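Note sheet for the following structure.
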Ligand SMILES: C[S@@+](CC[C@H](N)C(=O)[O-])C[C@H]1O[C@@H](n2cnc3c(N)ncnc32)[C@H](O)[C@@H]1O
């Protein structure tokens, strides 16, 4: 059973349920958190985050996709009072008091990470599907001393084939995670411990 409904579609989304589950577990959202999403698109992550975080701000650079976010939020009984929708291309429009930041869109991601460092965002997670962007993202997190973890994962879905079960696989996703607000949880030593050292 899907945990959310997405009756309205947009070209670039949605983030798949299995990827959302891992992403949200890394973000560790609580009612005390202000969660900010860059690139809300279908709103799939926004909806799940709104069920966990006390405050949610969702940015989307394409107005028609922000409208899809708005409609899917409404379809899941998430109202305007629960989520602030911002039509902007980050870093423009980013608030200064986020506790957790998710980059589902990668435009200007270095500047978005600079803002996260400047404003001490406690948890930062970025999802990337393209290999070259993933490499640049890992370097950008490491250069800013906020890299804790890199994971690559891929879900496969079973379907019936000749009375047995075969699988269709989704595209692999790279997840880059860290945090600017916690000195103990970032930096090269922790990166090495997480198995992401260059050595
Ligand atoms: C892969 S989609 C995100 C999918 C979304 N998490 C979902 O579940 O539907 C990336 C989205 O990020 C948006 N985007 C990319 N860079 C952005 C930026 N710097 N600021 C705001 N939106 C951005 C794109 O327009 C696109 O809609």
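Coordinate-derived values only; no laboratory data. Quick caveat, the model's predicted, so the values are computed rather than measured. Every residue, glycine among them, receives a Cβ derived from its backbone with ideal geometry; neighbour counts consider all protein chains shown.
Legend: ranking of residues 4, 146 from fewest to most surrounding C-beta atoms inside 10 Å; resulting order 4, 146.
Modelled spin labels at residue 111 and residue 160, positioned 7 Å past Cα toward Cβ, are 5.3 nm from each other. Per the Cα gyration tensor, region 25-111 maps to an equivalent ellipsoid with semi-axes of 17, 16, 10 Å, ordered largest to smallest.
This ranking places 77, 33, 82 by how few other beta-carbon atoms lie within 10 Å of each, fewest first, which gives 77, 82, 33.
Can you tell me the order of 129-138, 151-160 when each peptide is scored by its average per-residue count of other Cβ atoms within 10 angstrom, highest first?
On the way: 129-138: 15.0, 151-160: 11.7.
Top of the packing list down: 129-138, 151-160.
With neighbours defined as other Cβ atoms within 10 Å of a residue's Cβ, the residues 165, 15 order from fewest to most as 165, 15. All C-alpha to C-alpha distances of the chain, sorted into 10 Å bins beginning at zero, yield P(r) values of 9, 36, 36, 15, 4, 0 percent in whole numbers.
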